[in-house]
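Here's the structure we're looking at; comments come further down.
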Amino acid sequence: MLKRFLTVTTALAVAAPSFALAQMTEIGPGEGQVNIVAWPGYIERGETDAKFDWVTKFEEASGCKVNVKTANTSDEMVALMNEGGFDLVTASGDASLRLVAGKRVQPVNIDLIPSWSAIDDRLKEAPWHTVGGVHYGVPYQWGPNVLMYNTEVFKEPPTSWNVVFEKMDLPDGKSNEGRVQAYDGPIHVADAAQYLMAHKPELGITSPYELNEDQYKAALDLLRQQRELVGRYWHDAFIQMDDFKNEGVVASGSWPFQVNLLKAEGLPIASTIPAEGATGWADTTMMHVDAANPNCSYMWMEHTLASNLQSDLSVWFGANPVVPAACTDGRGMQTAEGCTANGLDDFDKIRFWTTPVANCAQGEAACVPYYRWVSDYIGVIGGR
């Protein structure tokens, strides 16, 4: 699997792809199904909670059965799209450009997406899905990576990410050793870099995704320090939830999805964005270059922009809709206050996941590329 990651990420060391794939020009009859790789909680048919179902009516109206394969990391998504057999993927920014560079996804004809005009203007030309003026997907949702914590341990929200990076006694008088978690994905290097931006400004980090050798070494050193504190690295959202419920974990980087589900169970859980800020994700529905069901795929991409779907997904996942009207038009469960609580106004404060490349703002071949992040983070987790 690592070899597949390296093959794709190496492609990003070169310029944007020069290939031009033919866009679809019309949508024909549905093929009967659509196969999607998605983050957990992103495509719901009422099985987890009957109130949240944006699949059943689509299947009835389109005749396209929705088949979902969940993936817990961007690297897993890239690997699955490399293997093929899927039509769509809900890719974060640290996967989307790899998929474009690796020629795994095709351009999207936005003229076939009637609701494109309803998308948040901040996302229409976002660099994680638009390359050389060509759109390679349809925005889906966005949000921050939050600090989830146990409110019985932290009577007040933690003000710093230091609770998961630095050895210390927590407010209950007990050490944080073995009681915190970290994300089991190389993109977590960016969280360490973001922390260092605030606490070691002399390093000169201006973007957590563009690190020279010295900055990168400092981030790895911090992650090795964190390794001594982490009880378990998480990538499965539901296993992380179980660890908070049953294994004594009290603080970790997380997604609003886990926070919402645990709070709904009545557990003492809350989340915050500490003073250092947060990384985050802005996800895009992208279509495989060899999609076997392109008509159903376009029907699904249009369906995802319905404001009632965007509204309910925003409530369910704790994320922000890519269609602003979903916050206010009353077609779904979300409200203007709910969108504000989810961080709709914090777009400019979030450093969204993107794929690190060698050629960066610091100069040609000045930054450490993603394939190094992959191999070195595996080493950190393994105690090297």
- Identify the residue in the range 69-106 that is surrounded by 19 or more Cβ atoms within 10 Å (Cβ to Cβ) and part of a strand (DSSP E or B) and, among all such residues, is nearest to the chain's Cα centre (by Cα). 91
- Task: Give the range 339-370 a look and list any residue that's over 19 Å from residue 208 (Cβ atoms), in contact with a Ser or Thr (Cβ under 9 Å, 6 or more places away or on another chain) and assigned to a loop (DSSP other than H, G, I, E, B), or say none.
- Result: 342
- Kindly indicate the residue of the range 196-220 that is under 19 Å from the mean Cα position of the chain (by Cα) and not charged (D, E, K, R) and also farthest from residue 78 (Cα to Cα) among those meeting that condition. 207
- Can you spot a residue in the range 305-312 that is within 17 Å of the chain's Cα centre (by Cα) and under 30 Å from residue 195 (Cβ atoms)? no
- Task: Give me a count of the residues in the range 303-338 that are at pLDDT below 95 and not in a helix (DSSP H, G or I).
- Result: 2
- Query: Looking at the range 295-349, which of the residues that are crowded, with 20+ Cβ neighbours inside 10 Å and of a type in the set (Val, Ile, Thr) is farthest from residue 29 (Cα to Cα)?
  - Reply: 315
- Residues satisfying the stated conditions in the range 194-246, i.e. part of a loop (DSSP other than H, G, I, E, B) and among the aliphatic types (A, V, I, L, M): 205, 211, 229
- Number of the exception - residue 126 against (1) in the same structural domain as residue 267 (by TED's automatic domain parsing); (2) of a type in the set (Gly, Ala, Ser); (3) surrounded by fewer than 24 Cβ atoms within 10 Å (Cβ to Cβ): (1)
- Query: For the range 107-129, what are the residues that are β-branched (Val, Ile, Thr) and assigned to a helix (DSSP H, G or I)?
  - Reply: 110
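The values are calculated or read from the model by the stated rules, or taken from the named source; none is laboratory data. None of the values given here were measured: they were computed from a predicted structure. Please note: Cβ atoms are built from the backbone with ideal geometry, for glycine as well, and neighbour counts cover all protein chains shown.
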